[in-house]
Amino acid sequence: MEKLLEKTIPGAEFDSSARDPPPRCHPGTRLAILDRCLYFINHCDGTRKTRWVVGAAGVGKSALLQSIIESPKLVVSCHASVFFSINGRDDGTKAIVTISYQLAVKSEPYRQLIEREITRDPSLLQSSMAKQFSKLIVEPFIHNPQPNSANRILIVVDGLDECKDSRVQLELLRLISDLCIKYPSSPFVWLIASRPEQHITSLFSRAEVTPGYEKEEMPVNSNEARADVERFLRSEFTEIKKASDSVDPRWPDERDFWKLANAAGGLFAYAQTVINYISD
């Protein structure tokens, strides 16, 4: 396990100290999309076991995935997560081992299987992504009765476009797609978030890939997103007023509030940055 840990992406898990505090959906926001994603995870069947969450930078994809993992409505046997970031968590070649390590921590039968596999062939930790995916994911969970008894396993991959090599991004997507389509009884459900980069969009558009996924778009200026940003701003302004005795209770002026809300549109990153500035 220590050897396995050395080959993982440090800080990529949903509850890592490197991401603390992680982005989360503000209470009362993103309710519809949260429910859609949770319903998909809990009820998807057959080959269509991947949900691609796609949206522009700053629209709140990471917050959405974090909130899904932490939701009390999530019904899975276990889960693993890889939150990519250009700030040091961008080596996609370590994604498979990162997922494998997290699953090994949570499943004794799986841990015993991969310990035997790595003891037999230590070079596996330096092997290609395809071989690691086969030996650490497909064979243990598809061809072995013990780990395969798991009801549903959620794998979250956030910020795929922030993985530093586009070829690695596409290889990971191909491996996941092939698994979903070739093994429809697999216990794995995949939640993948990225920007709509051309090469990623192109792969998801291929005829051999489309049967394996559903698409969840997060448009910047939808009515839902704008209403959620407005709710977030009002809540944060209330908290700022509570923390200061010198702020006029009527602040901010409604005209000023709407200038800010209209400028932010449905972009949570804009609203959060402004709130951070004002609260300082």
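The values are calculated or read from the model by the stated rules, or taken from the named source; none is laboratory data. None of the values given here were measured: they were computed from a predicted structure. All Cβ positions, glycine included, derive from the backbone under ideal geometry; neighbour counts span all protein chains shown. Ligands, DNA and RNA are excluded from the accessible area calculation, which covers all protein heavy atoms including side chains. Shrake-Rupley method; radii C 1.70, N 1.55, O 1.52, S 1.80 Å.
In the chain, what % of DSSP beta bridges are antiparallel (nearest 5)?
So the antiparallel bridges in the chain amount to around 5 percent.
With the dipole of the stretch 127-280 worked out from charges on the C-beta (+1 for Lys and Arg, -1 for Asp and Glu) around the Cα centre, which of Ala263, Ile192, Ala225 lies farthest toward the positive end?
Result: Ile192.
Run the accessible area of the stretch 223-279 with a 1.4 Å probe and give the carbon-and-sulfur part as a rounded percent.
It is 50 percent, rounded to a whole number.
Please report the projected area of the stretch 147-280's Cα convex hull averaged over all directions, in nm².
Values: hull surface 47.9 nm².
Mean orientational projected area (the stretch 147-280, Cα hull): 12.0 nm².
Across all directions of projection, what mean area in square nanometres is found for the Cα convex hull of the chain?
15.7 nm²
Which of Gly11, Leu160, Val54 sits farthest toward the positive end of the charge dipole of the stretch 1-217, with +1 on the Cβ of Lys and Arg and -1 on the Cβ of Asp and Glu?
Positive-end residue among those listed: Val54.
What size of dipole, in debye to the nearest 20, comes out for the chain about its Cα centre when the only charges are +1 on Lys and Arg C-beta atoms and -1 on Asp and Glu C-beta atoms?
With only Lys, Arg, Asp and Glu charged at Cβ, the dipole is about 600 debye.
Among the GluC sites (Glu not before Pro) within the stretch 1-90, which fall in a DSSP loop and have no more than 13 other Cβ atoms within 10 Å of their own Cβ? Walk me through the intermediate numbers first.
Values: sites: Glu2, Glu6, Glu13, Glu70; in loops: Glu13.
For GluC sites (Glu not before Pro) across the stretch 1-90 that sit outside H, G, I, E and B with at most 13 neighbouring Cβ atoms in 10 Å, the list is empty.
How about the stretch 126-187: which trypsin sites (Lys or Arg not before Pro) there are in a DSSP loop, with at most 16 other Cβ atoms within 10 Å of their Cβ?
Values: sites: Lys131, Lys135, Arg152, Lys164, Arg167, Arg174, Lys182; in loops: Arg152, Lys164.
Counting only loop positions with at most 16 other Cβ atoms within 10 Å, the trypsin sites (Lys or Arg not before Pro) in the stretch 126-187 are Lys164.
Binning at 5 angstrom from zero up to the longest distance, how are the C-alpha pair distances of the stretch 223-279 distributed in percent?
The percentages, shortest bin first, are 4, 20, 32, 25, 13, 5, 1.
Over the chain, with a Gaussian network built from C-alpha contacts below 10 Å, which listed residue (Glu108, Glu216, Glu230) shows the highest mean-square fluctuation?
Result for the chain, Cα springs under 10 Å: Glu108 fluctuates most.
What residue among Ser123, Ser177, Ser100 has the largest mean-square fluctuation in a Gaussian network model of the chain, using Cα springs under 10 Å?
Of Ser123, Ser177, Ser100, the most mobile in the Gaussian network model is Ser123.
Run a plain Debye calculation on the stretch 1-155 (Cα atoms as equal point scatterers, no solvent) and give log10 I(q)/I(0) at q = 0.17, 0.18, 0.21 Å⁻¹, rounded to two decimals, same order as the q list.
Values, matching the q order: -1.11, -1.22, -1.48.
Which pairs, out of Lys73/Lys182; Lys7/Lys215; Lys7/Lys164, put more than 24 Å between their alpha-carbon atoms?
In this structure, Lys73/Lys182; Lys7/Lys215 lie more than 24 Å apart at Cα.
In percent, how large is the relative contact order of the chain, given Cα pairs closer than 8 Å and 6 or more residues apart?
On the way: 411 pairs, mean separation 76.0, N = 280.
Value for the chain: 27 percent.
Using alpha-carbon positions, what is the distance between the centroids of the stretch 228-280 and the stretch 182-213, in Å?
38 Å
Can you give the helix-only mean residue ellipticity at 222 nm for the chain, where every DSSP H stretch with n ≥ 4 adds -39500 (n - 2.57) and the sum goes over all residues, rounded to the nearest 500 deg cm²/dmol?
The per-residue figure over the chain is -14000 deg cm²/dmol.
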